[in-house]
Each structure stands twice: as structure tokens, then as C-alpha cells.
Amino acid sequence: MSVRTAELFMAIAMFLASLGLMWTVYADDLAIGWVAGRGPGSGMWPFWLSFGMAGASVWTLVRWYNGVTPESRSDDPYIDPETVFLVGVTVAAIFFLLLLTNIIGLYFSMMLFLLFYVKFIGKHSWPLTASVMLGMPVATYMLFEVALNKYLPRGLPFFESIFLHIDDFRYSLMY
Amino acid sequence: MDSIFNLLVAGLLQSFEPLNLAMIFLGCLAGLFIGAMPGLGSVNGVAILLPVTFLVPPTSAIIFLAALYYGAMYGGAVSSITLGIPGASTAVATVFDGRPMAQSGRADQALMAAAIASFVGGTISVILFTGFAPPLAAFALKFGPQEEFALMLLAFATFIGLGGDDIPKTIFSILIGLVLAAVGFDIISGKPRLIFFGMVEFQRGIEFLVLAIGIYGIGEMIWTLEHTKGAVQMHKVDFGFDKVKSNLRQVKDYIGSTFLGSFLGFFVGTLPAAGATPAALMSYGLAKSFSKDGDSFGKGNVAGVAAPESANNAASTGSMLPMLTLGIPGSPTTAILLGGMIIWGLRPGPLLFSESPDFVWGLIGSMYVANFVTVVLNIALIPIFIRVLAMPFTVLAPIIFILCVVGVFATTDRMFDTWLMLLLGCMGYLMRKLNYPVAPAVLAIVLGPLTERSLRQSLISSQGDPMTFIERPISLICILIAVGLVSYPAISGFMKRRRAEMEAAE
Amino acid sequence: MKFLKTLTMSAAALAMMAPAAMAEWQPRKPVEFIIMAGTGGGADQIARLLQGLIQSKGLSPRPFIPINKPGGSGAEALSYIKGKEGDNHTLLVALNSFYTTPIIQEELEIDVTTFAPIGRMAMDTFLLWVNSEQDEITDLESYVAAVKAADTTWKVGGTGSGQEDSILTAMMEKELGYKVTYIPFPGGGTVAKNLVGNQIDSTVNNPSEQMEFWRAKNTKPLVQFNGERTEPFMDVPTAKELGVDIEYYMQRSISGPAGMDPEAVAWYQNLFEELFNSEEWQDYCKSDGLTCDKWITGDELAAFHDAQLKRHVELIEAVGADSITSK
């Protein structure tokens, strides 16, 4: 996909999204007009601003048609193949990081994420990979849970119980 | 005047007591690190460490928390500059120029400028605080919804020229930020708005940090990944004593915008509800408008780091004023400090200055000392912060991604927001590639809720009559300044052309 | 080496503690202390005070972590608790939106009577406040006259449509026969400041939000909505004394999610009873005009919630749901 096509698609998508926002406000039965004696109704702000978004998208489309924007004249690939791989893999990795957090907990999924990224994308040595893989969860635990008293997600009860033992140990040392 | 001086000396002496001095030091250090974590700002630090302070006397406790607040303000700049992720909303504007400076190997200059600007901003505002607390408190009371709205207009006016050169895309970016800000419950009508797909999670609204970390954390990292292909290291910088000296010589480049930012920041900070974020943004916008080479802003101009940093530190002191004298927090952090004071048995309000002078002056005295401690600590730690940039990108990037996820979760306690962050980050990246500027959207989501609410509150109280904004003097003045700022580029352009014509004619 | 020693010693200690811990339920992980309002408000202050007391008195083996979920007049917090069914490590700090929000937002399908009743910490009150500069207003009668003279342009500040104070304002409109303009602000503190700055004409605030301005003689209370006069407002008449049939309280209570284990419920009930009876809590109640004379828990609290829920259905019906939400 060239940058030129991408700009067209993006402007159309944003135009449709704006219409969608306007529809949502309208369908929620919010007052989109001026309420006499009270000023703007609860839907006026989001509705007319979305209308403005739609207008700005149309303006971009006109400029695209007339070839005013540099993007509309560019035939370079929107995302070159090499980048598609790197960016795609990264986004997918973060996606799985979040997905697995719900199942095996943040700490274990974080370790898998680091293993994947440092070892297989970065092609770093095993010792470096291992130290990052272990160092990061420990640092996170110390900073967020011990120092800042947060409770980060630990996944399903089975995986959570593993951490409860670690917690028990920590609280037995200091509380 | 004499009595203020005596009280101040007593306060300074109090802050030099060993326990209090230790509290200042610990607070600054803790704040610095908490602030430097993406997502964690002074709010989290103060909220989480509040119970710890029950162990010490109230004066020491507030000194600790105030020092933490200070330290976190600077820490936010550290992650803005080194990682390109604003640690808190107050540090968004610092990213605009701090990030490009770090990328071009000038991270040390940017960090130094941030430290010095913070120091100047903090010190100026403590001096103003010492001298003018009571009249400023009285002035803050005059600020009703009309004035708040006018102030927001003024804030938006300072952003003119902040967007890209593509006007419809800039407009689109501002508008989408304002619309996203409207998601969730509307307090005026009590009705839910824009609850996408009926998901209950949207009732809370889209938090600013989720968008900011999405765009500047995830989006920025992907962007860097694309440009470096994951292979190149980030820029490395040497940092030694000579570097400190040469960086200090640079101060003259940004001292003007630092002073402007300090006064502006303090003033905006003293107004309840405004806080440090609009102050920092306005300061950046003004520095750009009045700079001789405004075009270099956003590409690594050191004044673009100093302006928001001086303002956000000045505002953090300023926002203590409404808290102490009115019992109204000027920022979310002071809201929690307020809760702390009540627990310690202190009653913030109009009588606090006369009933608990030891506490108030101890706090003010500690602010002078905390400023000094923070700047020294900061400069000493710059080499450590810079070391982060020397890590291989394929190690640094995953660590940053994890910090983004943990940072968002730690702030809102919801996995939902981490998903939203990923989605918004990817959208931001795709749109940024097509020359849609992202900064206006981030600014709009910060200021949007306050703008809409104050507009509607004003109109409800005036029975729908828009003249209310012009009839009130303070709001009129703000609106006139806003109009002036918007037309300033046009006028100055016209004047330049005129002068050129005159010269040509001669 | 020292670390290793500590490690083995604590492991041993842990092994010894284990059987004892089995006997009585105790939290094993940090307890989420969900606050259905934003930071800085009354509920938030209470939650953070309780958390501080729990920590400083060492009453719990795991910390309590206050988490604000202010979205949608508490709808966010209630939905969250609803989703935590059977969880033993989540508690809710509730105020009156505990009743009103499920009534106004039926689509949430939240039944608060299923929640585990832990304890009622206090009853908070409301007073009617005006700025002290309004010399001509000295009592309810002159207040009503002034509001009627202003003819709907009288500005009353509050914390948001659908919140408790908007219901109370609507009740007053109905009982006293006038109409006002209700302006929502984000929090009781901001309302108080706008009253002192004369941006609004009157408000119904909790005592804690006005206390300092009152002491500084910036604002004055006209009426209290308690059943009986309460400290420190002994010279302020109640609405009932003046022949106006309004009695309204703000409850401050603690609940757990539905299906919490009975052992856990019992543990939390004991914990909060101890806090309720502590000197620190009783002092706080006195200084902030809260009524904390009777500890209510278990079935008694469930019955209280039930009665309050019914009362709020009636109240909202009486004033009309439309009068507390707007366009």
C-alpha cells in the first residue's frame, strides 16, 4: 500500500468514525442543541466536535484529490516490508503480553515477552537474555509491590497462588 | 514585612532540623524515581507513601510529601527526555523538545536545562508564595466558572502554531482529543456519554495517561523501531565536569523563557482546578510564540525544555496556596496532601496561617531547601539517567513496553486501560505516519473536560446568556489576551511585510 | 550469609505459623479498598484515615490499598464489586450513591442487598449554607423569601446531577415551593470555595467541607437536615423543628462483594468494629460533625440498607428522576 492510498483510506476511515461518534451521541438521546436558559446540552459538545472531525476529514479528502498534501503525491510504500515485519511482530508481542497477563499473570508473561524480544528479535546472548528476564520481574516486584504497595495482576488462581507464597515470605521478613 | 521575615527564618531553621532535612532528602530522591517511571507521577507517590508519614510529626510528614511532590515534578522530565514518555501529564510539553534533544545526543543539555529551570521556577514561586499568599488567595476566590473557561481559551490560544503545517489534520487532532475527553459520565447532566459498545469501562472516561503513554510510549517506540530497524543503539553521551560547565554556560539561551514560565506557572498554579499541566503547556506555547527562532521548537530547542519545566515546578508550589488557605486542592496531588493534613489533625483553611504558623512556615522554609536539594541531586544523577540511553535498543524497547503496561495498570488498576493504551498507541503511530500531528490531541484530552464543564457551568448560572464571559472583568481580560495571542502571528507577519515594503520604497 | 540466615529462620517461622493461621481466616493478599468517589472528598478522606489506622495499629497482616473508582456516580465501583463475587480481598467504602446509582441506572443490574454487610462507620449530615455576606438572610424564612425573589436565577452549587445533594436540593424545591438553578461542580470542596467566592448563592454541603470556612466566618449554616441537633451545630435548627418535613443523612459504610466467605466477613467485621471504637475514629467523628454513636453490622446493617434503599426509591419517585438529572 502506498502512502497515497493510505492517506485516502485513513481519511475515509476517520470520516466514518466521526459519523459513528455522531450517531452514538444521537442514539444515546442526549440533547445536541442549545437548551434555552441552560446553554449547551449534554450531547452538544461531543456531537458538534465529531461533526467538525467529519468536516476536517472531508477537507483532507479534497486536498488529497487535488494533490495538495505531500502524502497524496507520494508513491512510497506506507510501511515498507522490512518494517511491517518488525512493527507487526512487536505489536503482536505486546498483544500476547497483555493476553497472557490475564492467564498466567504479569510476571510470567513479562518473562516470556522478554525472552522472545531480547533473544529472538534482538539476537542477544543467553547470559544477557537471562539477566534481563530475571531482573525485570524482580525489579518490578520490588518497586511496584514492595515499595509502592500495588498489586499487579497474577492471572488465574493457580498462578496467583504461586505468588502468594512469595508474598508470604516477603511479609514474614518485613511489614 | 518584618514579621514575615522572622517567620520565614524560623521556618528555615525548622527545616534544617536533622529529621526534617533527612525527610527532604528522602522525599526528593523517592519523588525523582517515582516521577521517572512512565505513568507514575506525584499523585501516586504521595498517595502511596501517605500512610508512611503517620510515623513522624505532621510538619516532617508534609515536608516529606512536599519534597516528594517536587522531586516527582523533575522526575517526570527525566522520562520525557530520555525515553520520550511523559512521566505525568505535567511533563507532556517537556517531550516536545526534550526527546529530539536526546535523539540528537544532547540529553545531558536537556536534563541540565530541566534541572535548572525547575530550580528557578520553584524558587521564584516560593518567594512569591512567601510574600503574597493572602492577597493571592483572595484573588483565587474571584475565579468562577466564567474565569476558568476564559483561562482555558487562553491556554488553547497559546497552542496556536503547535500543530503541524497541515491545517485540516491539526484541526482533526484537536477535535478527536476533545471528543475522547467527553467519554464517560457527564457530571452536569448525570448521563453517560459515548459508552462505546456498551462497555461499562468507558463510564470512567478515557484517562489522559492512557492516551499519552499509548502515543508517546508505544507509538514512539514503534516509530523509533521503524527508523532504526531495531539495530542501532540510541545516542550515547559523555558526561563529565567539563560538560557541566559548558552546559551551565548555555543558561543564557533559556533564562528568558524560564522566568516567563516561572511567573506564569505560579499564577496558574494558584488557581484552584487549573494545576501544573495547563501551566506547563501555556508556558511552552508562549515561549514558542515569542521566541526569535520559533521554528526550531519541537526540533530540540533547549528553551522548549526549560519553559514547561520552570512552569510545572512553579505551579506545584502555587497549587499549595489554595490548598493551605482555602482547603481546596489546586491539583490531584494536593488533594491527597489535603487528606493527609486532615488525618494529622490539621485543618487547612483560612485560619491555618494564624492557628498553625509553625506548620505553615516550616513547610514554606522546607520548600526553599527542597528546591536546592532537588537541583543538586538531579545534576548528580544525570550520568545515571543517560546510561539508560546507551542500552541496546532491542533490550531497552521491551523494558519500556513493560514499563508502559505496568505504569498504566498501576495508575488505573484496570487491564482494560492497558488494552486501550495499545490500541491508541497503534492508531497514533499509523496516523502520525500520515502527518497527523499527535500533540494537539494529547493537549486537548487534558484540557477538554475542564473547558466543557466551565463553559456549561457558566452558561447555566447566567441562564444561557453568553455575555457573561464579557461582563466579568477577569474573564474579559483573559479573552482579550487570548484574541491577541491568536492574532499575534498575523499581525507580526503584517508588520514585517510592511517594514520590508517601506525599506524597499526608500 | 546473614541473608541466608534470615531466610532459613523466617522459613522456619513460616512453617510454625502455618497451623495457627489455619484456625482463623486472615487476608493473604493486599485488600483492595474501593472508594466510590474521587480523591479528596469525604469518602476518600475516611478510607485513607481507616487505612492509616489499620497500618499504624497493625490490625491486618496485609495492607489495605485505597483505590478510587469514581466513574458514573459510583457506577464504576459498584460494577467492579459486582464482578468480584466471592472475592475475600475486596471491600467497598460506600456513601449514599450506593442506593441512588442502582436506582437511577437500572441497566447496571446491581443489587446492593446481595453485598456482604461489614459495618456502618458513621452517619454524616447535610446543612444548608449561604455566604456570610448575605446579611439579609438570617434564617430559613428569609432564605426562602430571597430564593423566591430571585425567581429561578438563585444558584445552588452541588457535586453533580444524580448525587445525594441534588436529591436533597430537589426535595427542598418540592417542600418549600421554589425553583433554583442547580450548578454541578466536581466535588464538595470546590462547591464550598465557589460559595465563599460568591460564584453561587447557596449549597447543601457536608460539615467537613464547610467547617473551616464556617470557623473563619465566611459562610453560615441556616438549617441542618438531621433528626436532632448535632455537635458542633447546636444553635442551628433542624428542618423538622421549622416544620419542613426533610430528614436526610449520608451513610458511610463498608461492604464486601456478594458471596464473600462468612469467616472473612466475620474477620472484617471485627476489624472495623475495633476501628469504630478507637479513640482516633471517635475524635474524627466529633471534629467533623459525623454521628458515630452506634456500631451497626451484619443483619442489622442489611436491614438498614434495605430500608434506605426503599426510602431512596420513594424519594426519587417523589421528586421525579428528571429533576435530578438534566439535559
- Message: Condition first: closer than 20 Å to residue C:305 by Cβ and either modelled with pLDDT of 95 or more or part of a helix (DSSP H, G or I) (or both). Now tell me which residues in region C:258-269 satisfy that.
- Response: C:262, C:264, C:265, C:266, C:268, C:269
- Query: Is there any pair linking a residue in region C:233-248 that is under 19 Å from residue C:177 (Cβ atoms) to one that is in a loop (DSSP other than H, G, I, E, B) and not hydrophobic (A, V, I, L, M, F, W, C), with Cβ under 6 Å and at least six apart or on different chains, and which?
  - Reply: C:247/C:227
- Message: Return the residues of region C:258-295 that are touching a Leu at 6+ places or on another chain (Cβ under 8 Å) and among the aliphatic types (A, V, I, L, M); say none if nothing qualifies.
- Response: C:271, C:275
- Message: If I filter region A:70-90 down to residues being among the aliphatic types (A, V, I, L, M) and either more than 19 Å from the chain's Cα centre (by Cα) or closer than 30 Å to residue B:167 by Cα (or both), which single residue comes out as farthest from the other protein chains (Cβ to nearest Cβ)?
- Response: A:84
- Query: Looking only at helices (runs of 4 or more DSSP H) that fall completely inside region B:289-380, which ones have 3 or more residues that are buried (at least 24 other Cβ atoms within 10 Å of the Cβ), away from chain C (no Cβ under 14 Å) and within 22 Å of the chain's Cα centre (by Cα)?
  - Reply: B:303-318
- Note on the structure: All conditions in (1) among the charged types (D, E, K, R); (2) at pLDDT below 90; (3) not assigned by TED's automatic domain parsing to the domain that holds residue C:136 are true of residue C:273 except (2)
- Note on the structure: The residue from C:86, C:52, C:38 that alone is within 9 Å of chain B (Cβ to nearest Cβ) and either in a loop (DSSP other than H, G, I, E, B) or touching a Cys at 6+ places or on another chain (Cβ under 7 Å) (or both) is C:38
- Message: Which residue is nearest to the other protein chains (Cβ to nearest Cβ), if the candidates are limited to region A:35-69 and must be closer than 19 Å to residue B:448 by Cα and part of a strand (DSSP E or B)?
- Response: A:39
- Matching residues in region C:208-236 (under 10 Å from residue C:127 (Cα atoms) and either in contact with an Asp or Glu (Cβ under 6 Å, 6 or more places away or on another chain) or at pLDDT 90 or above (or both)) number 7
- Of all residues in region C:205-232, count the ones that are touching a residue at least 40 places away in the same chain (Cβ under 8 Å) and away from chain B (no Cβ under 14 Å). 9
- Query: Within region A:145-165, is there a residue that is within 13 Å of chain C (Cβ to nearest Cβ), out of contact with any Lys or Arg (no Cβ under 9 Å at 6 or more places or on another chain) and of a type in the set (Val, Ile, Thr)?
  - Reply: no
- Message: Filter region B:130-162 down to the residues that are touching a Gly at 6+ places or on another chain (Cβ under 7 Å), in a helix (DSSP H, G or I) and under 30 Å from residue B:3 (Cβ atoms) and list them by number.
- Response: B:141
- Task: Report, by residue number, each residue of region A:125-175 that is surrounded by 12 or more Cβ atoms within 10 Å (Cβ to Cβ), farther than 20 Å from residue A:104 by Cβ and aromatic (Phe, Trp, Tyr).
- Result: A:169, A:171
- Item | Of the criteria (1) touching a residue at least 12 places away in the same chain (Cβ under 8 Å); (2) within 10 Å of chain B (Cβ to nearest Cβ), which one residue A:122 fails | (1)
- Query: Quick check: anything in region A:106-115 more than 7 Å from chain B (Cβ to nearest Cβ) and more than 17 Å from residue A:163 (Cβ to Cβ)?
  - Reply: yes
- Has region C:276-289 got any residue that is among the hydroxyl-bearing types (Ser, Thr, Tyr), surrounded by fewer than 18 Cβ atoms within 10 Å (Cβ to Cβ) and more than 23 Å from residue C:62 (Cβ to Cβ)? yes
- Item | Pick from region B:147-166, criterion aliphatic (A, V, I, L, M) and modelled with pLDDT of 70 or more, ranking: surrounded by the most Cβ atoms within 10 Å (Cβ to Cβ) | B:151
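The values are calculated or read from the model by the stated rules, or taken from the named source; none is laboratory data. Small disclaimer: the values here were computed from a predicted structure and weren't measured. Every residue, glycine among them, receives a Cβ derived from its backbone with ideal geometry; neighbour counts consider all protein chains shown.
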